[in-house]
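The values are calculated or read from the model by the stated rules, or taken from the named source; none is laboratory data. Model, not experiment: these values are computed from the prediction. Glycine also receives a Cβ, built like all others from the backbone with ideal geometry; neighbour counts cover every protein chain displayed. Calculation scope for accessible area: heavy atoms of the full protein, side chains included, ligands and nucleic acids excluded. Shrake-Rupley method; radii C 1.70, N 1.55, O 1.52, S 1.80 Å.
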Amino acid sequence: MRVEHKYGVTEIKAQPQRVVTLGLSDQDVALAVGVKPVGVVDWFKERPFGKWPWTQPLWGNTPPEIVGERDEYNLEKIAKLRPDLVIAQYSGMKKEQYDTLSQLGVPVVAQSGKFADYAATWQEMTRNLAKALGRGATGEKLIADIGERFAKVRKENPAFAGKTAIVADTFEPGNYAAFAAHDPKAAFLAESGFTMPQKILDVPKAENIISIGSEGLDLLDVDLLLWLSEDEVASQRVRDEPLYRKLKVSQDKRDLFVPYNEPPIGAAISFNTVLSIPYAIDKLVPMLAGKVK
């Protein structure tokens, strides 16, 4: 198997048995095609085992070793696991990291070179992961199945078509973020049938948000505004912002506040993988339909 990536082409001569995934959501695809990684990185502080309902049954009683956090990898831990494949797709792996990992003498597959870091589609990442794992046909079936799920969402919710939508977050008082169209969260809305405003489409591929202050909140005055929130305190802080209350999307109650956790709807669209998308469709789409007429 030969897999192209940002730093070249990697040949995998035998079907991997001990896989380390270094992308933030890569373990989802591995699990979906029947491979339990022996090592993973942490993203949401989930120690990615047993927390997310879309992966917990697939891990069973086999927790992986945590070999890093986000793009910081622990080479010693990775080496101790004796992997026969190291792969990173939803990743910002640097060339020097790739070179160092390659010195372990095992195949290393970096993120796709067709997109900026963290901007590859879920289809591209699924395809590369499944191919590297020797499960290419299974990966293609998963991609087709999810495509059908999104097609069903669009068919059953024709009101979504042509409606502008933005996914937003607030990290601290007075500071807000609108996610770029290529961010997984916005991509979920787009594949559900919504349209991204031009300013969101124009965000450079190397970035994933537009940062705005209170005076820039008019950017968020769209047909549907989806807020992701750490907790109700953060949500209420947005609702109480005087300039936000002047927006038509707020006055018409076309804004929707959903948590990252409990239930993990925000996490599901942040992962936006072949495992988390069905969960997000089941939980979030009915909520979206309630806001769009």
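General observations
- So SER270, is it part of a helix (DSSP H, G or I), touching a residue at least 60 places away in the same chain (Cβ under 8 Å) and open to solvent by less than 10 Å² (accessible area, probe 1.4 Å): yes
- Residue tally, condition polar (S, T, N, Q) and open to solvent by less than 10 Å² (accessible area, probe 1.4 Å), over the range 232-251: 1
- For the range 1-53, a residue qualifies if it is among the aromatic types (Phe, Trp, Tyr) and modelled with pLDDT under 95, and the qualifying residues are TRP43, PHE44, PHE49, TRP52.
- Residues in the range 140-163 include at least one that is modelled with pLDDT of 95 or more and closer than 16 Å to LEU220 by Cα.
- Any chance LYS253 is modelled with pLDDT of 95 or more and at positive phi: yes
- Residues of the range 60-75 satisfying the condition of being surrounded by 12 or more Cβ atoms within 10 Å (Cβ to Cβ) and not hydrophobic (A, V, I, L, M, F, W, C): PRO63, PRO64, GLU65, GLY68, GLU69, ARG70, ASP71, TYR73, ASN74
- Inter-residue pairs, beta-carbon under 8 Å, first within 11 Å of ALA289 (Cβ to Cβ) and in the range 151-168, second surrounded by 12 or more Cβ atoms within 10 Å (Cβ to Cβ) and modelled with pLDDT under 95, 6+ apart: ASN157/VAL292; ALA159/VAL292; PHE160/VAL292
- Considering the conditions (1) open to solvent by 50 Å² or more (accessible area, probe 1.4 Å); (2) outside any strand (DSSP E or B), PHE171 is excluded by exactly one of them, (2).
- Pair list, Cβ under 6 Å, 6 or more apart: the range 132-145 residue in contact (Cβ under 8 Å) with a residue 40 or more places away in the chain, other residue in a helix (DSSP H, G or I) and open to solvent by 40 Å² or more (accessible area, probe 1.4 Å): GLY139/ARG127; ILE143/GLN123
- When each of GLY113, GLY105 is tested for being open to solvent by 20 Å² or more (accessible area, probe 1.4 Å), farther than 30 Å from VAL238 by Cα, in contact with a Phe, Trp or Tyr (Cβ under 9 Å, 6 or more places away or on another chain) and of a type in the set (Gly, Ala, Ser), the lone residue that passes is GLY113.
- For the range 179-231, a residue qualifies if it is of a type in the set (Gly, Ala, Ser), within 23 Å of ASN261 (Cα to Cα) and either touching a Cys at 6+ places or on another chain (Cβ under 6 Å) or open to solvent by less than 20 Å² (accessible area, probe 1.4 Å) (or both), and the qualifying residues are ALA180, ALA186, SER192, SER229.
- The listed residues are ALA79, ALA137, ALA130, and the only one of them that is more than 24 Å from GLY266 (Cα to Cα), open to solvent by less than 10 Å² (accessible area, probe 1.4 Å) and assigned to a helix (DSSP H, G or I) turns out to be ALA130.
- All conditions in (1) open to solvent by 10 Å² or more (accessible area, probe 1.4 Å); (2) more than 20 Å from ALA180 (Cα to Cα); (3) over 16 Å from the mean Cα position of the chain (by Cα) hold for PRO264, with the sole exception of (3).
- Flag for TRP54 being touching a residue at least 60 places away in the same chain (Cβ under 8 Å) and under 15 Å from ALA267 (Cα atoms): yes
- Only one of the listed residues (SER211, SER229, SER192) is within 30 Å of ASN128 (Cβ to Cβ), within 24 Å of the chain's Cα centre (by Cα) and among the hydroxyl-bearing types (Ser, Thr, Tyr). That residue is SER192.
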